[in-house]
Each structure stands twice: as C-alpha cells, then as structure tokens.
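Presented below is the structure to which this report refers.
The values are calculated or read from the model by the stated rules, or taken from the named source; none is laboratory data. Quick caveat, the model's predicted, so the values are computed rather than measured. In this analysis, Cβ positions are derived from the backbone assuming ideal geometry, glycine residues included, and neighbour counts consider all displayed protein chains.
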Ligand code: ATP
C-alpha cells in the first residue's frame, strides 16, 4: 500500500479531527501518501480528494467537527454509487481506506469490501457510543462533559424555582449518554431505552422524591426512550397527574455534538488513527479498531454493527442508590 485515503461520514463528533490528524501523521511516519476525501462517501463518489501532508492537519486536534466535512450519501447505498467510488480510488492510486463514523458508515464499508475486495479499516466516531468492540467511541466523552455542564446549570434554576425538569439528551437508540450524565449530574431519575421503566415506575419515583423532601427534580430522558412518545408528552402526562408541579422541558439538541474535544477523546482518536493505519499496513481489512480495557483492539465490521454494546448493570444500580 502506497496511498491511504481517509474520510468522515455520518453524524460529526468531537475528536474526528484528532483522528484525521493521527491518520495523516501515521501515514507520514510510515512513508505512505495520504488523501483526504471530503463529505464522506458522497465525496468518494464525486472524487472530491485532496492530498494531505502532516502540515495540513496542524492546529486541528482541539477543534470540534471535521475538517473533511461529513455527509449522508444515498448514492453510496447503491451498487452503481459504490462502483463510482471504487473507480475514483483506483484512478487516484489509493490502495486502502480509513472510514471514521458510526454503524451506517461501517455497513457501507462492509459492502464496499465485499464487492471490490478493497481494504478498509474503520474508526468509531459518534457521540452515541452505540458501537460494539470499543469501550468508548470518539466524541462520547466530550458529549458527556458538555451535557453534564448544561444539566448543572439547569439544576441551578430547577432548585431556585422548585421545578421538575425533563431534560432530553441524544444517544439514538442507546442510553449511554443519559445514564452516565444522569449519574454525573445527580439526576433523580434516568430514562433509557434499554430499561423501560414504564410510566408507573416514574410516577412512583417522583412520589418517593417528594416524600423524602426533595423540592426540585431532574429527570434525564434519552431521546430513544420508549416510555412516552416524546419528552413533551411525557411532561404533559406528569403535569396531568401532578398539577402542582412546575414542569419544564429542555431538549439539549445539537450542542451535544459540538465543541472542543476532551483530552480523553483526543488521546483515543490519536491512538485509533495510528492503529487504523498500522492495521491497513499489516494487510488487515474489514475491521474497526477500538480501545478495550485500555488496549487497542479490533473487531470485524459485522460484529461492530450487529452486536449490542450492553448497558452496565452496575451503573444502573449506582444510579438507583445515589438518587435516593
Ligand atoms: P451516526 O451514528 O453518527 O449517525 P452513521 O455512520 O451511523 O453515524 P449513517 O448516516 O447511518 O451514519 O451512515 C453514513 C453513511 O453510510 C450513509 O449516508 C451512507 O452513505 C452509508 N451507508 C449507511 N448504510 C448503508 C448501507 N446499508 N449500504 C451502503 N451504505 C450505507
């Protein structure tokens, strides 16, 4: 392999730039050329490439988002689209590809390998942490810190006004952000899709909080939680039951995806960027690199996509014990 291409795809996540930087510099270190592909798979199809030297990625380790831009590409979901992407890579003399993204990105990568036998290695970049084969995905730690900071601020107003706050956080179908920020910010109740508490449990829990003399409460709700249709309907339901509660809803939204990456995410991204290039140079393909128990590991794309990254039961217990 003489030339490696790198792209970011799907939702952006803080730390993607640190991963790009590490890929580029690992290429420099191992004396292979590096090509940046703009706008994910769409840029692959359109041949939107640029040669990247070590200096192109100066001063980006601290920046959120992705300098290569990200996009969702419907065309890449078609065989014709992927064939165009393959032709462009061949034409540019690229011998292998690093893809930074989430499960959709890896699904696309897997198809690409199967159809063209082209070497691809993945790096998990998503704030949701919903990928098997790594303890943390890049961006997750930063998102946790962003969310905790905001909930702390909301708590100030919740306690000043004796309010009940429902705070919706991201995570798609995974409750990692909700569970960890809920513990970290001292939420009274945490609603996650993996453990459907049901409305009765929530009501019971709020009753208990009141009996114990709590005058304000924070309920962290994962966007994927199935308890109500959405967080507003959930709040309406509680309001009907407890008209005396002063209820507010706060949907945190895209701020959770932005910002300067935490040191943890920068280090993780640096390790995985180097690991991805090394894996390709070792003739490995079809895997995602990750960090498990503080060691760099790799797992097949098929597993990374399909297997569940389980919610830690011990964390659930800690949440319950510490919210009394
Ligand atoms: P995030 O979890 O942050 O949203 P993601 O990688 O899961 O990241 P997606 O939008 O699901 O984000 O996928 C990114 C891109 O991967 C898609 O726009 C598409 O080009 C490609 N892709 C997704 N699913 C497939 C598929 N089944 N076949 C081929 N390509 C796919």
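Any residue at all in region 73-81 that is farther than 21 Å from residue 142 by Cβ, more than 14 Å from the ligand (Cβ to nearest atom) and surrounded by 15 or more Cβ atoms within 10 Å (Cβ to Cβ)? No, every residue in region 73-81 fails to be farther than 21 Å from residue 142 by Cβ, more than 14 Å from the ligand (Cβ to nearest atom) and surrounded by 15 or more Cβ atoms within 10 Å (Cβ to Cβ).
Yes or no, residue by residue, for (1) assigned to a strand (DSSP E or B); (2) under 28 Å from residue 172 (Cα atoms); (3) away from the ligand (no atom under 16 Å from the Cβ):
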position	(1), (2), (3)
1	no, no, yes
5	yes, no, no
11	no, yes, no
35	yes, no, yes
41	no, yes, no
44	no, yes, no
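Checking the structure you have, find out if any residue of region 58-74 is in a helix (DSSP H, G or I) and in contact with a helix residue (DSSP H, G or I) (Cβ under 8 Å, 6 or more places away or on another chain). No: zero hits.
Looking at the structure I just gave you, is residue 91 touching a residue at least 40 places away in the same chain (Cβ under 8 Å) and surrounded by fewer than 24 Cβ atoms within 10 Å (Cβ to Cβ)?
The answer is yes for residue 91.
If you go through region 55-66 and pick out every residue that is surrounded by fewer than 19 Cβ atoms within 10 Å (Cβ to Cβ) and touching a strand residue (DSSP E or B) at 6+ places or on another chain (Cβ under 8 Å), you end up with 1. Scanning region 254-303 for residues that are in a loop (DSSP other than H, G, I, E, B), over 22 Å from residue 144 (Cα atoms) and touching a residue at least 40 places away in the same chain (Cβ under 8 Å) gives 283, 284, 285, 286. Search region 46-57 for residues being out of contact with any helix residue (DSSP H, G or I) (no Cβ under 6 Å at 6 or more places or on another chain) and closer than 19 Å to residue 280 by Cα, and hand back the single one that is farthest from the ligand (Cβ to nearest atom). Per the stated criteria, the residue is 53. With respect to residue 25, is the statement that it is touching a helix residue (DSSP H, G or I) at 6+ places or on another chain (Cβ under 7 Å) and either away from the ligand (no atom under 16 Å from the Cβ) or not in a strand (DSSP E or B) (or both) true? Spelling it out, residue 25 is indeed touching a helix residue (DSSP H, G or I) at 6+ places or on another chain (Cβ under 7 Å) and either away from the ligand (no atom under 16 Å from the Cβ) or not in a strand (DSSP E or B) (or both). Does region 106-133 hold any residues that are near the ligand (Cβ under 7 Å from one of its atoms) and closer than 17 Å to residue 80 by Cα, and which are they? Across region 106-133, the qualifying residues are 107, 108, 111. The single residue among 182, 122 that is in a helix (DSSP H, G or I), on the phi < 0 side of the Ramachandran plot and surrounded by 23 or more Cβ atoms within 10 Å (Cβ to Cβ) turns out to be 182. Take residue 89 and decide whether it is more than 10 Å from the ligand (Cβ to nearest atom), part of a helix (DSSP H, G or I) and either over 22 Å from residue 134 (Cα atoms) or in contact with a helix residue (DSSP H, G or I) (Cβ under 8 Å, 6 or more places away or on another chain) (or both). Yes: the conditions hold for residue 89. Does residue 214 meet the test of being assigned to a loop (DSSP other than H, G, I, E, B), surrounded by 16 or more Cβ atoms within 10 Å (Cβ to Cβ) and free of Cβ contacts under 8 Å to residues at least 40 places away in the same chain? Criteria met by residue 214.
Of all the criteria given as (1) assigned to a strand (DSSP E or B); (2) modelled with pLDDT under 95, the one not satisfied by residue 98 is (2).
In this structure, does residue 20 turn out to be in contact with a strand residue (DSSP E or B) (Cβ under 7 Å, 6 or more places away or on another chain), part of a strand (DSSP E or B), within 25 Å of residue 300 (Cα to Cα) and modelled with pLDDT of 95 or more?
Answer is no for this residue.
Considering region 94-105, the residues that are within 8 Å of the ligand (Cβ to nearest atom) and surrounded by fewer than 24 Cβ atoms within 10 Å (Cβ to Cβ) include one that is nearest to the chain's Cα centre (by Cα), namely 103.
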